[in-house]
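Heads up: the structure comes next, in structure tokens.
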């Protein structure tokens, strides 16, 4: 049975950064990449807000660079998904989906969170070509253009008001006749002149131009769920803001988490309630969800793992 000082579960910015720091601390880290090697950034075409890339960089290329850096420093990166972690004693016994088992002195959980989408075939078709789940990440590309946000909670309200600062018109599509967002956020949305709330509407289809190498969204077909009437809105960006699901199912009943499933960490730390297990990135961050903040907590987790072992 393989044994490691530091096992990292997940391979987004948090996981790879943790690997870089853990490798430099001579922890000989082992990473299992999970079901989505590279994380959510592999579905992003261009990243302009990650430091060190003045001309921007494709999301997949950024993750490839981080992986190469981790490997060059000595991290051992494997395909595969962790399916169980015995948190009851150290070293932690970890099971992989191929049947392998590993003993780990410390574990860094960097499994991220998955954005919830509407489940439309056309939505999948235009991911990276107009469909996004992060206005902070991609809003800049739609400066001066018309866009839509789907949702009715605080996240949707925040995304809509953020986009309103740079876009010409923001359509906020909500299936009910009132928002679920806090009163303060509702007031902000309703008092922003270039946000148009489309009450009682659901998205039937996203439309656009399909190309040989990429697709370009140019509209959405909506249905009024009260009257059944359909209408098309002309937009170039479509932002889904109906929430995220942290990838923490294997830790239920083992690590402390909030009501949604985000792992809880100690103040000013990445330490979980189990000594020797740390959490980094979107799996414990429901507020910022940025590549750079994920990388920062990956750094913290590796440093804390090294200090824990010493």
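Give the order of 85, 109, 223 when sorted by the count of other beta carbons within 10 angstrom, beginning with the fewest. If I rank by nearby Cβ atoms, fewest first, I get 223, 85, 109.
Classification of the stretch 207-310 by its C-alpha gyration tensor yields a prolate form. The axis ratio a/c (a ≥ b ≥ c) is 1.5 or more, and a/b outweighs b/c. Looking at the square roots a ≥ b ≥ c of the eigenvalues of the Cα gyration tensor of the stretch 117-240, which shape do they give, rounded for a/c under 1.5, prolate if a/b is larger than b/c, or oblate? Oblate shape, in that a/c is at least 1.5 and b/c is the bigger or equal ratio. Remark: relative contact order (the chain) = 21 percent; criterion is Cα-Cα distance under 8 angstrom and separation of 6 or more residues. Peptides 115-121, 93-99 ranked from most to least packed, by the mean per-residue count of other Cβ atoms within 10 Å: 93-99, 115-121. Remark: 16, 32 ranked as 32, 16, counting other beta-carbon atoms within 10 Å and listing the fewest first. Of all DSSP beta bridges confined to the chain, the antiparallel ones make up roughly 45%. Among beta bridges from DSSP that stay inside the stretch 1-114, the antiparallel ones total about 40%.
What is the stretch 14-158 by shape, rounded, prolate or oblate, if you read a ≥ b ≥ c off the alpha carbon gyration tensor as root eigenvalues and call it rounded for a/c under 1.5, prolate for a/b larger than b/c, and oblate otherwise? It is prolate, given that a/c is not under 1.5 and a/b is the larger ratio. With only the Cα atoms considered, the chain has a convex hull volume of 146 Å³ per residue. Inter-part distance, the stretch 104-172 to the stretch 203-282, computed on C-alpha centroids, equals 8 Å.
FYI, it's all coordinate maths here, none of it is from the lab. From a predicted model like this one, the values you see are computed outputs, not experimental measurements. Using ideal geometry, Cβ is built from the backbone for each residue, glycine included, and neighbour counts are taken over all protein chains shown.
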